[in-house]
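Single-structure report; data block below.
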Amino acid sequence: MSATSARPSHAAQPSGSAFILKKALISAAVALVLFSLMIGVRTEAGPQGGLIYWTRFGDLAALVGTVFGGSIIIELLRQWWGPVDKDRIVPKPVQSAMSFAGRWLAPALLVFAFLVPVIFYNQRYILDLSILVLTYVMLGWGLNVVVGLAGLLDLGYVAFYAVGAYSYALLATNFGLSFWVCLPLAGILAAFWGVLLGFPVLRLRGDYLAIVTLAFGEIIRLVIINWQSLTGGPNGVSGIPRPTMFGIPLTPGDDGLAAKLGIEFSPTHRIVFLFYLILAMALLTNWVTIRLRRLPIGRAWEALREDEVACRALGINVTTTKLTAFATGAMFGGFAGAFFATRQGFISPESFTFQESALVLAIVVLGGMGSQLGVALAALTMIGGFELFRGFDQYRMLVFGIAMVLLMIWRPRGLIGHRAPTVFLERNQAISSDLVKEGHG
Amino acid sequence: MSAAQATTPLLAVRGVRAAYGKIEALKGVDIEINAGEIVALIGANGAGKSTLMMTIFGRPRARAGTIEYDGQDITGVPTHEIARLRIAQSPEGRRIFPRMSVAENLQMGADATECSEAEREAGLERVFALFPRLKERVAQRGGTLSGGEQQMLAIGRALMSRPRLLMLDEPSLGLAPLIARQIFDAIRTLNRQDGLTVLIVEQNANHALKLAHRGYVMVNGLITLTGTGSELLQRPEIRAAYLEGGRHG
């Protein structure tokens, strides 16, 4: 062990200006090939219907130059930072500060989350944003079961979000069922679709699984668009009832909550209610996931991610394990979808594009697969950051993309790549040294 | 052993054929393992040793022949149910769960079997008594263990299901001779103290045959030789093929 680890691990990594230059040139060449058609030549339909085109070599040169320069900068940053997996010696005070922060970050965030409506009561924008962030936290935690724990790459998670949203919307508008009746139904329906997706993809892993789930997401969206008689097609479903506080509507009328409590009505009440609703739902997701991780089924999910063959050899039923992972993740997606529908009051297929799946997946990956706190932080960063970069206007996506690339270079395992064990020995027995000396273990 | 041989064998493989696609890996294999025995299965690379072990476990399925365990036909039983019949295996290449802790890896071994908390605790104690090194490393991630420790973990994990038959695929693969000897010692202890029946698949013929009561030699998907461990060790063809010239014992 010690003999191999003593060998300097970064010796194989070349450095020096020649290497940096070579790498930058390759990147620039790739960019040239890619962009020569995308940027260099622009085509348009001419006045006679014929195709006209003109060249933009100036823009092309600028882009290739940017890639060249950017590649050099990234490589320099990389070398300054050192190899990604290297053990860095952190000074003691910083270490203890970090472990202190690590221990108190989650409770602090939770307390802060509970206080958000109190602190920002008069700032509707922040409240709306917080609700959005929490929706994505919940979606992230739901997808985390499938991707982070069971290791099944799901690119079609938005399908379950859509199933949940449409379940609530249709049940509520057609049959007048209340939100609290529909919520479990939406979860059950989404879980059912999760199992339905699970069956054909049982034998697939990795890239192949990703492609099928991607297709599944699109199928659900296309069905919603085309099944006009049921879903209203592209027009969506409108007039979805708002949630009630266990039967008491949050309206200005006489039977509204404000009137019953004898306080003045404010539309903010509803927003605050929605905030606590999604907070509770997200926390429920988190709690269930944490509980499941400690049970054999959660352990089996993680083992499945690690090694499917070994799981089989240990007598784990791989089929049911995969299906429960799909169903559990889908169920939380369905809950979140129902919430989304009741919050918006209107849903249409446009809200359930691949972009949503990609965003939720990015949250899970950035957060560090399997880490609950990491996912919450990533959702906050992604959704919050998205709003923060609003000032950059059209460059928002660009800035955002660069930020994500940098994060993945420096924290390839996500914000929180650490995995907490779930099994502990009951008693911490000391092991006598004569048991563990060489030649006996 | 004479007492055990009088009764029906714990595991009987009769005329089993198995194939990967069109390539037939087992061409009619017969082996028997009696309760309380250590049986070694030796042979060169690609002889079909690992396939036989996997076929007993139902993956790949036997295309012909029968596999009987404890008087019950398990030829068509799903893999995860076979494991519940208290047959455990430590697969080739160890295949521990690298990101899970040692304790979690061991738990995984017991999860599929219905056993009480007390039995689980007893199982852990038993594994730690056999491999104290694992106890030392209990909170560590599996992937950070050394090769020998990972092999101990793979065997320990298999033992957590309290098996009657333990099947080990190349337990000495890639291990230093000293560590390999520790592993073989542990297997002998398990057999002597707990009466555990062991099927051991090995390329390291010398070690395996010295350990085993009986051995089978496999060539190209067929059993070509069988006998007691010491008998096989004396056979000139065995010495030529597996002991001299190639790897030392």
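The values are calculated or read from the model by the stated rules, or taken from the named source; none is laboratory data. None of these values were measured; they are calculated from a predicted model. Using ideal geometry, Cβ is built from the backbone for each residue, glycine included, and neighbour counts are taken over all protein chains shown. Note: areas computed on protein heavy atoms with side chains; ligands, DNA, RNA excluded. Shrake-Rupley method; radii C 1.70, N 1.55, O 1.52, S 1.80 Å.
Please indicate, with yes or no, whether at least one residue in segment B:98-111 is of a type in the set (D, E) and in the same structural domain as B:D185 (by TED's automatic domain parsing). Walk me through how you get there before you give the answer.
First, pick out the residues of segment B:98-111 that are of a type in the set (D, E): B:104, B:111.
Remaining after also requiring in the same structural domain as B:D185 (by TED's automatic domain parsing): none.
Within segment B:98-111, none of the residues are of a type in the set (D, E) and in the same structural domain as B:D185 (by TED's automatic domain parsing).
Just to be sure I understand, how many residues within segment B:106-124 are open to solvent by 20 Å² or more (accessible area, probe 1.4 Å) and more than 8 Å from chain A (Cβ to nearest Cβ)?
Of the residues in that region, 8 qualify.
Here is a list: B:Q150, B:Q89. Which entry is part of a helix (DSSP H, G or I) and either at pLDDT below 95 or more than 10 Å from chain A (Cβ to nearest Cβ) (or both)? Lay out the reasoning, then the answer.
Values: B:Q89 fails: part of a helix (DSSP H, G or I).
None of the other options fit; the residue is B:Q150.
Among the candidates A:F216, A:F265, A:F199, single out the residue that is open to solvent by 80 Å² or more (accessible area, probe 1.4 Å) and either farther than 18 Å from A:F340 by Cα or of a type outside the set (F, W, Y) (or both). Quick ask: steps written out before the conclusion?
Numbers: A:F216 fails: open to solvent by 80 Å² or more (accessible area, probe 1.4 Å); A:F265 fails: open to solvent by 80 Å² or more (accessible area, probe 1.4 Å).
It is A:F199.
Return the residues of segment B:62-80 that are crowded, with 22+ Cβ neighbours inside 10 Å and either hydroxyl-bearing (S, T, Y) or facing another protein chain (nearest Cβ under 7 Å) (or both); say none if nothing qualifies. Explain how you work it out, then say what you get.
Taking segment B:62-80 and keeping what is crowded, with 22+ Cβ neighbours inside 10 Å, we get B:62, B:67, B:69.
Residue satisfying the conditions is B:Y69 alone.
Right, A:A282: free of Cβ contacts under 8 Å to residues at least 12 places away in the same chain, small (G, A, S) and not in a loop (DSSP other than H, G, I, E, B) or not? Give the derivation first.
Working: free of Cβ contacts under 8 Å to residues at least 12 places away in the same chain: no; small (G, A, S): yes; not in a loop (DSSP other than H, G, I, E, B): yes.
Here the answer is no, as A:A282 does not meet what is asked.
So which residues in segment A:305-337 are free of Cβ contacts under 8 Å to residues at least 12 places away in the same chain, open to solvent by 10 Å² or more (accessible area, probe 1.4 Å) and not in a helix (DSSP H, G or I), if there are any at all?
If the condition is that a residue be free of Cβ contacts under 8 Å to residues at least 12 places away in the same chain, open to solvent by 10 Å² or more (accessible area, probe 1.4 Å) and not in a helix (DSSP H, G or I), then A:D307, A:L314, A:N317 are the ones that fit.
Please go through segment B:81-100 and give me each residue that is at positive phi and buried (at least 18 other Cβ atoms within 10 Å of the Cβ), ordered by number. Before you say what the answer is, go through the steps one by one.
Kept after step one, since they are at positive phi, are these residues of segment B:81-100: B:86, B:93-95.
Of everything in segment B:81-100, those that are at positive phi and buried (at least 18 other Cβ atoms within 10 Å of the Cβ) turn out to be B:R94, B:R95.
Given the conditions (1) facing chain A (nearest Cβ under 9 Å); (2) assigned to a helix (DSSP H, G or I); (3) without any contact (Cβ under 8 Å) to a residue 60 or more places away in the chain, report the number of the one that B:F97 does not fulfil.
If we test B:F97 against (1) facing chain A (nearest Cβ under 9 Å); (2) assigned to a helix (DSSP H, G or I); (3) without any contact (Cβ under 8 Å) to a residue 60 or more places away in the chain, just (2) comes out false.
Looking at B:A158, is it surrounded by 16 or more Cβ atoms within 10 Å (Cβ to Cβ), part of a helix (DSSP H, G or I) and within 11 Å of chain A (Cβ to nearest Cβ)?
Values: surrounded by 16 or more Cβ atoms within 10 Å (Cβ to Cβ): yes; part of a helix (DSSP H, G or I): yes; within 11 Å of chain A (Cβ to nearest Cβ): yes.
Spelling it out, B:A158 is indeed surrounded by 16 or more Cβ atoms within 10 Å (Cβ to Cβ), part of a helix (DSSP H, G or I) and within 11 Å of chain A (Cβ to nearest Cβ).
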